[in-house]
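Below: one structure, written as structure tokens.
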Amino acid sequence: KVPPKDSRSFISCSTRGGVGDCFIMLWYLSNVVATALIVGVASTNRVDESSNCIDTDIGITNSNVTNCGVGVEGQECFYECHPNFIKVGRHVCQTYTTGGTLTHPSSSKRFSVKLENVEGTPVMAINRTFFGGQCLPLCTPKVCPAGTVPVRVNTTTSGSPSWCMNTICRSPKDALGNLTRGAYEVFRYGRDSFSGMYIDHVDPRLSPSSQLKFASTDGTGIGVTAECVASALGYTTIDEAQDRVTVTLSALAGELAGFKLPRHAQAWWVPTFLNSTTGASASPGVYASDSTGLLAVGILFARTYFINVDPNSTKTENIVRLVDKILTPVSWTKMFCTTTAPQTSVYNGSNCVPWLWADGDGCSDCQTPDTGDGLYYYSELHWFFWMAYHAGCGTGPFTADSPCSDNVISTMWAAFQGRRNHPNYWYGGQQLLTLWPSYVTQLPFYLIHPFNSDPAYNTALKAQWLAEWSYYNSSAFYAGEKGRYGLGAGPTPAWCAGGSGYIADRMTNDSDSQACRMYSAYAVAGYAPVDPVTISGHLLDLLASGESVIPITDSMLNNNNNN
């Protein structure tokens, strides 16, 4: 179960905004692990459209370029690194103003102007400066033999420089398998050993007892799918996976003494955030449609998996019983909300599907069809819409025009499914279902049959990948090379996020909305089924640069024996 030192897993760590902010979002990690790193190369905010990079002609340390000279914004300075250094990033003349209002903690010389700390004023991080290229030092001039690839990690040294990139050579299959194993180890690390709940995000620098007791129901739905995948890959036995999933389901079903999951009294919706040990809600009296749906499809994934791999066993029968006990009381078809105040829950007479519910009949934050074409906008409520259709109309077929005796639910489903044939966004020459992060289309692909079995949705998933990759290659980032792309979401330092502690990235042509410059390697990994060869290459490039990789430590593995 625990790999030896010479084959320990590596994970990619989310360091949004700098080396001190390292969190891993577990529900996003399911797309196969990775990172959300500041890209360093930035946006297209302009002080003056004709401005040149003339005042601060920054070269690149340890490269063949000591001065990039004069350049217009968008001009790239091509470079090669000295021996025993590796090249990371593109060096481009640019200006970048963050969406934040606080001073950046760094005093790096790469920031060409003094960052202002004026309340309500965005922070200018880069002003008409060549920026983005780096030459990272190698610990040893190691060249991997034929048939292997380098996996690198930033390592502290006692010499000069004080850090360098350590290189381990693996076969491509082992490198990617090691990354996948690392993803599972982080899930174990984020699992509450008492309740089986999964905390919302992990700081791998801290012990399990020092993590925030901040679980999420949607993350827990993904967590039980991770247990199934780990079993299928041989990281755990079927027996162990069943035991671990049973603990989680017992807590959710009210059969674990000391833990109580809050449920909506009438409809049995669930909250998003709760205490991982007691179940106490972080927002008492408030429940979420998307979290209820994602938890449902996650535990249904586990139910189906164990029926397939261990049918008729006592453990599988108990898992089936627990999943049914959790989901049967949910009033999926009572999914609508009135649009006038006070907003209340209804079955008929409204097409508003709320994101939030309150004790009693209260509801809010409606999603309604577009007034033009009558179709719902695509969103992560997909699993909620599907569960309602499944409850009202049976098991399928899952098409927009399938007959159903429940006309209200059938009409809702047709208005949602119709969007797949009429995408309403464009970017980079691609028709898109959404401009929001990759998980909005990736998680349905992995968890919802009417998505992954539908050619139109599969085409849409590929379009999302091509658009995101194009977005990072554009002047919004001047990135996209060697896997440095991917829209993510998660904890974010306030200095670059307008004071917010959380950001969900999205494609935008408005440079003032770009805020923190980050890429998400787990978003890259989640697109792997779209083009396995190309995307596997991108993940190997990320492992080779080491920029976003940290090792699973012995202490982390040892703690996982109890998690």
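Computed from backbone phi with θ = phi - 60° and the Karplus coefficients 6.51, -1.76 and 1.60, the 3J(HN,Hα) list for region 72-89 is 8, 4, x, 7, 9, 9, 7, 8, 10, 8, 5, x, 6, 10, 10, 8, 9, x Hz; x is used for glycine and proline. Spin-label pair GLU481-THR340: with each label point 7 Å from Cα along the Cα-Cβ axis, the two points sit 6.0 nm from one another. Carbon-plus-sulfur accessible fraction, region 284-425 (probe radius 1.4 Å, protein heavy atoms only): 53%.
Taking the square roots of 5 times each eigenvalue of the Cα gyration tensor of region 361-488, largest first, gives ellipsoid semi-axes of 30, 15, 13 Å. Spatially, region 61-84 and region 216-292 are offset by 51 Å when compared through their Cα centroids. In this label model, ASN509 and ASP370 are separated by 1.6 nm, measuring between points 7 Å along each Cα→Cβ vector. Hey, how many Å between the Cα centroid of region 441-489 and the Cα centroid of region 297-372? Result: 26 Å between the Cα centres. Accessible surface area normalised per residue over region 128-276 is 38 Å², counting heavy atoms of protein chains with a 1.4 Å rolling probe.
The values are calculated or read from the model by the stated rules, or taken from the named source; none is laboratory data. As the structure is a prediction and not an experimental result, all values here were calculated from the model. Cβ: placed from backbone, ideal geometry, glycine included. Neighbour counts: every protein chain shown. We work out accessible area using only protein heavy atoms, side chains counted, and drop any ligands, DNA or RNA first. Shrake-Rupley method; radii C 1.70, N 1.55, O 1.52, S 1.80 Å.
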